[in-house]
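One structure below.
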Amino acid sequence: MTAPRPAHRSSGASRVAGVASALFGGGSATVFALLIVIFAGIFAMNPSFMEPPSLMAFIKNAAPLVVLAIGQYFVIVAGELDLSVGSLVGTQVVIAAALIDGEESRTGPVLLLMLVFGVLVGLVNGLITTVLKVHSLITTLGMMLVLYGANRLWTGGAPTGALSEAFRQPGRGGVEMPVVRLLPWSLLILVAVVIAAVVVMRRPYGRVLIAVGDNEQAAAFSGVRVWQVRTAAFVLSSVMATLAAVLIGGYAGVTAQVGEGLEFAAITAVVLGGVVLGGGRGTVIAAMAGALTVEALFTLFNQLSLPSTIRPAAQGLIIIAAVAYAARERSQPAPPVDDARPEPARS
Amino acid sequence: MTASTPEAAGGGAAVSTHLLRMRGISKSFLGVRVLHGVDLDLRAGEVHALVGENGAGKSTLMKILAGVHQADSGTVELDGAAVAFEHPLQAQQARVSTVFQEFNLLPDRTVAENVFLGREPRTRGMVDARRMNADTAQLLADLGLTWLTPQAPVRSLSVAGQQIVEIVKALSYDARIISMDEPTAALADEEVDLLYRLIARLRERGVAILYVSHRLKEIFDLCDRVTVLKDGALVDTVDTATLRPDELVRMMVGRPISSFFPDKLPGTAPGDVRLRVTGGGNDQLDGIDLEVRAGEITCLAGLQGSGRTEIAHALFGIARFTRGTVQVDGRTVRLRSPRQAVRTGLALVTEDRKAEGLALNQSVAANARLVLDAVDPRRAAARARRIPGLLSSLDLVARGPDQEVRFLSGGNQQKVVLAKWLATEPSVIVLDEPTRGIDVGAKHRVYTLMRELAADGVAILMVSSELPEVIGMADRVIVLRDGRIAGELPGGTTEEAVMALATGQVPGGPMS
């Protein structure tokens with residue numbers, strides 16, 4: 001879909017610019033600039049980072065957060081928030097380990113069960129928010145605590161069982177090939193998810209979703225079933241969290257801490273991508289770029305030998321700075337807003 | 001009320017003094033000139049209309065006077081002394097106040113707290129509420145607004161009441177000049193009268209009023225002189241006493257509008273009943289019997305709160321009729337949601353464009369196909385192919401289909417809303433205040449569109465509080481009062497006949 005269509009009367013360059021702005025636009029060009037700057041920083045510290053194998057390692061590491069950020073994007077752009085994804089990732093990994101318990105043959109059924117559980121969590125989040133009119137911040141905070149608590153209660157803080165080798169493949173495995181040595185499955189999954197997300201956002205559902213986040217009443221008066229659209233966004237977010245759980249489980253293994261804090265990392269990523277809290281603005285590509293930027297920043301911290309405990313503070317600063325920056329952008333006196341706007345003269 | 005001429009309005013103000021002289025005001029935004037070389041004079045004690053189509057530069061000129069924007073070139077003299085306001089506060093200190101369309105009031109605070117916001121009288125550091133209320137009461141009494149209580153929370157006031165609080169607030173700074181941006185846009189007819197009286201009082205006190213409005217009637221009722229802007233340039237400043245309405249329209253649009261309300265297109269004839277409501281009622285409406293025929297423009301008239309919008313909402317499933325039946329094309333339907341209404345072939349252009357009609361941060365294209373995307377996603381892409389043609393036939397002025405609608409003028413935003421509903425090919429279209437807050441050219445386009453739709457056999461139900469438009473467009477006028485149908489009048493009726501039914505008084509009697 002990025003392929004420039006044959007230019008009609010407009011020049012090819014403006015056509016490409018148009019496609020670029022459609023993809024990256026919405027005031028989110030900043031995140032791409034930031035991503036490039038951070039990559040340049042990492043490269044300056046450690047030139048070998050740009051070699052394919054270490055880039056692939058970076059992707060493997062970043063994939064879960066990108067997937068989570070895409071899920072979070074659907075919810076945020078509809079004007080809500082999903083705090084439950086971190087706990088959900090943790091719970092899903094623990095469920096997988098306990099139920100598979102090292103038996104290869106159980107991989108398929110357990111994956112299916114995880115999907116069902118993910119959909120269920122999303123449905124509960126969505127329906128409580130839309131039908132019972134509980135603010136999503138509260139709904140998903142509650143869900144986060146319930147999942148976290150249930151997880152702790154069940155495992156006593158020490159998850160049991162083990163993941164199967166097949167289960168771990170998507171997160172850690174890949175295809176042997178030249179240059180990169182190992183093309184990670186997670187990269188392929190990531191590409192597929194990003195393409196699917198972009199397609200969804202260009203479909204009627206995606207457009208309706210953004211419209212709901214922008215102006216719920218206008219959307220409802222246009223025949224949108226707002227509750228359904230928003231609930232579906234929560235389901236998408238939970239399904240993405242489930243996929244992230246598979247990737248993390250494979251990559252990092254099973255611990256009691258898995259998934260902790262990921263909800264905030266995902267929100268940081270989305271906000272950094274210029275997606276406005278409150279909904280209605282921002283692209284899914286920018287959310288993805290936000291996630292890569294957060295991961296790249298953490299990589300840079302590693303290069304600088306900063307302790308990993310600095311991450312929450314850094315995330316906090318990023319969230320505040322990104323939202324403040326977006327607010328500033330929005331409050332700039334955009335001249336065309338009043339009645340004197342530069343319009344072509346009428347005939 | 002009778003509008004007093006400047007000569008009659010004594011009040012001791014020297015009428016011919018130029019309180020304000022703006023000369024050669026130019027302003028560009030991002031390299032686009034929105035004002036070039038505009039002159040404006042205001043005399044003490046005059047009401048001076050500032051008119052022009054959207055995009056003519058009225059708001060920019062007003063904002064330069066208010067200190068919100070700064071002119072690139074040109075001079076502003078106040079009482080003969082050159083001034084340059086860098087900030088709205090400086091304008092306020094120079095006793096130049098502005099009442100914007102969006103109210104800057106705190107709804108949960110009282111009238112007095114709003115009037116004295118930020119400069120409350122204090123005793124030993126504590127806000128002296130008693131003195132504040134007394135001062136406000138004095139201000140209100142001076143203006144003959146004794147029905148307003150200083151202690152009343154602003155939320156409890158009508159829109160007109162809130163508008164008046166804004167003006168009182170402006171006056172509390174002892175303003176010599178007050179500019180008002182479409183002060184009647186949100187007011188019902190009977191509330192406009194309140195504003196007229198207040199303006200007459202201000203004029204007597206020698207306050208100069210700069211009055212921005214789209215409504216020609218108000219300009220001729222209220223204003224002494226009118227300054228017309230077009231495309232950022234001054235067309236002329238003329239006395240309203242020597243001006244005819246059609247001349248003013250021609251100055252504004254730069255071309256004559258042959259007939260402001262276009263004639264019916266040939267071949268337009270009332271057809272089958274498309275929409276029939278029998279005994280419709282809910283907690284706000286009762287005994288609503290209504291028929292809307294194909295090819296016919298039926299108009300719902302009545303005062304604010306008489307049930308006009310409530311009928312539109314009940315028809316569209318936003319509210320519901322709890323009694324009675326609704327038939328569309330002969331089939332009895334239950335309209336429980338806008339979605340069902342759309343599927344039944346109804347469309348509703350809502351009264352409040354920004355809150356209910358548009359997703360302002362989305363593009364023209366996204367807004368125009370929102371209903372299709374929502375209700376018929378599978379065929380949305382195919383059906384949306386009509387939209388570019390619809391938009392261009394409505395003369396939409398926008399940079400392109402990707403431009404966000406918040407950057408469009410009111411008239412162009414309304415065209416996007418209209419295209420959104422036309423794309424659904426409705427058999428009945430309900431238009432709630434379709435020309436509110438849009439400029440003359442766009443109004444004319446909406447009227448011709450209604451004629452075109454009627455000729456195509458669409459049934460049109462229009463809700464309007466602008467009587468000239470009701471009289472000029474409707475084939476039948478249904479007048480509502482207190483949630484019931486007060487009577488029906490044929491097309492071409494008079495404003496007096498409509499008002500008589502709307503207020504329940506005999507023609508010629510007192511109107512309020």
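Return the percentage of antiparallel bridges among DSSP beta bridges fully within the protein assembly as shown, rounded to the nearest 5 %. Write down the numbers at each step before the final one.
Working: 49 of 84 bridges.
Close to 60 percent.
Viscosity 0.692 mPa s, temperature 37 °C: give me the Stokes-Einstein translational D for the stretch A:28-327 in µm²/s, with Rh taken as the Kirkwood radius over C-alpha pairs. Before the final figure, lay out each step's value.
Working: Rh = 19.4 Å.
Taking Rh from Cα pairs, D becomes 169 µm²/s.
Net charge in the neighbourhood of residue A:63 (other residues with Cβ under 13 Å of its Cβ; Lys, Arg +1, Asp, Glu -1) is +1. Remark: the residue B:131-residue B:221 segment gains 28.6 nm on full extension, using 0.36 nm per residue and subtracting the alpha carbon distance. For chain B, the Cβ-based charge dipole about the Cα centre amounts to some 1440 debye (Lys, Arg positive; Asp, Glu negative; other atoms uncharged). Think of chain B as having a plus end and a minus end, set by charges on the Cβ of Lys, Arg, Asp and Glu; of B:350, B:175, B:478, B:350 sits farthest toward the positive end of this dipole.
Using a 1.4 angstrom probe on protein heavy atoms only, which residues from the stretch B:368-397 are buried by at least 20 Å² of accessible area when all chains are present rather than their own chain alone? Residues of the stretch B:368-397 that lose at least 20 Å² of accessible area once the other chains are added: B:369, B:370, B:373, B:374, B:377, B:397.
Please work out the C-alpha center-to-center distance from the stretch B:285-302 to the stretch B:91-111 and express it in whole Å. Each part's Cα centre sits 40 Å from the other's.
Could you look at the stretch A:28-327 and say what percent of its accessible area is carbon and sulfur, using a 1.4 Å probe and all protein chains? It would help to have the intermediate numbers written out before the result.
Numbers: 8570 of 12000 Å².
The value for the stretch A:28-327 is 71 percent carbon and sulfur by accessible area.
Each of A:326, A:50, A:291 was scored by the projection of its Cα onto the charge dipole of the stretch A:28-327, and the greatest displacement toward the positive side belongs to A:326; charges sit on the C-beta of Lys, Arg, Asp and Glu.
For the stretch B:199-293, chymotrypsin sites (Phe, Trp or Tyr not before Pro) meeting the loop criterion (DSSP other than H, G, I, E, B) and having at most 16 other Cβ atoms within 10 Å: B:260. Computed with a 1.4 Å probe over protein heavy atoms only, the accessible surface of the protein assembly as shown comes to 42 Å² per residue.
Per residue, what volume in Å³ does the Cα convex hull of the stretch B:308-398 take up? Display every interim value, and only then the final one.
Values: hull volume 11.6 nm³, N = 91.
Cα-based convex hull of the stretch B:308-398, divided per residue, equals 128 Å³.
The modelled label-to-label distance between residue B:278 and residue A:327, using points 7 Å beyond Cα along the C-beta direction, is 5.8 nm. Overall, the stretch B:389-501 carries a charge dipole of about 200 debye about its Cα centre when +1 sits on the Cβ of Lys and Arg and -1 on the Cβ of Asp and Glu, all other atoms neutral.
Based on the alpha-carbon gyration tensor of the protein assembly as shown and its eigenvalue square roots a ≥ b ≥ c, which shape applies: rounded if a/c is under 1.5, prolate if not and a/b is larger than b/c, or oblate? Please list the in-between numbers first.
Numbers: a/c = 2.05, a/b = 1.65, b/c = 1.25.
Prolate is the answer for the protein assembly as shown, as a/c is 1.5 or above and a/b outweighs b/c.
Across chain B, the relative contact order, built from alpha-carbon pairs under 8 Å that are at least six residues apart, equals 15 percent. Couplings for the stretch A:315-322, taken from phi via the Karplus curve 6.51 cos²θ - 1.76 cosθ + 1.60 with θ = phi - 60°, read 4, x, 5, 4, 4, 5, 5, 5 Hz in order; Gly and Pro are left as x. Counted by Cβ distance under 12 Å from residue B:268, the other residues give a net charge of -2, where Lys and Arg count +1 and Asp and Glu count -1.
What percent do you get for the relative contact order of chain A when only Cα pairs under 8 Å and 6+ apart count? Don't jump to the answer; show the numbers that get you there.
Working: 548 pairs, mean separation 108.3, N = 347.
Relative contact order here is 31 percent.
One Cα centroid belongs to the stretch B:162-177, the other to the stretch B:217-239; the line between them spans 23 Å.
To the nearest whole number, what is the average tally of beta carbon atoms from other chains within 10 Å of the beta carbons of peptide A:202-214? Let's see the in-between values first.
On the way: counts 0, 4, 13, 3, 2, 13, 10, 1, 5, 9, 3, 3, 9.
Counting other chains' Cβ atoms within 10 Å and averaging over A:202-214 gives 6.
Taking 1.306 mPa s as the viscosity and 10 °C as the temperature, the Stokes-Einstein diffusion coefficient of chain B based on its alpha-carbon Kirkwood radius rounds to 65 µm²/s.
Based on Cβ point charges of +1 for Lys and Arg and -1 for Asp and Glu, what charge dipole magnitude is obtained for the stretch A:28-327 about its Cα centre, in debye rounded to the nearest 20? Walk me through the numbers before you get to the answer.
On the way: 14 positive and 13 negative charges, 92 e Å.
Dipole of the stretch A:28-327, to the nearest 20 debye: 440 debye.
Normalised by 2.2 N^0.38 Å, where N is the number of residues, the C-alpha radius of gyration of the stretch B:146-300 stands at 1.43.
Determine the total buried accessible area between chain B and chain A, counting protein heavy atoms only with a 1.4 Å probe; round to the nearest 100 Å². Display every interim value, and only then the final one.
Working: alone 22270 and 17110 Å², together 36040 Å².
That pair of chains buries around 3300 Å² in total.
Ranked by the mean number of other Cβ atoms within 10 Å per residue, highest first, peptides A:226-234, A:318-326, B:102-110 order as A:226-234, A:318-326, B:102-110. Placing a pseudo-label 7 Å from each Cα along the Cα-to-Cβ vector at residue A:133 and residue B:237 gives an inter-label distance of 5.3 nm. Checked against a 32 Å cut-off, the cross-linked pairs B:264/B:354; B:169/B:354; A:133/B:354; B:27/B:420; B:169/B:420; B:169/B:217 give Cα-Cα distances beyond that limit for B:27/B:420; B:169/B:420.
Note on chain B: dipole from Cβ charges, positive end direction compared against B:424, B:154, B:209; the farthest Cα belongs to B:424.
Which percent, to the nearest 5, of DSSP beta bridges fully inside chain B are antiparallel?
On the way: 45 of 80 bridges.
Approximately 55 percent, going by the DSSP bridge assignments.
The values are calculated or read from the model by the stated rules, or taken from the named source; none is laboratory data. The model shown is predicted, which means the values in this text are computed figures rather than measured ones. Because the Cβ atoms are built from the backbone with ideal geometry, glycine has one as well, and the counts that use them run over all protein chains shown. The accessibility values were calculated without ligands, DNA or RNA, using every heavy atom of the protein model including side chains. Shrake-Rupley method; radii C 1.70, N 1.55, O 1.52, S 1.80 Å.
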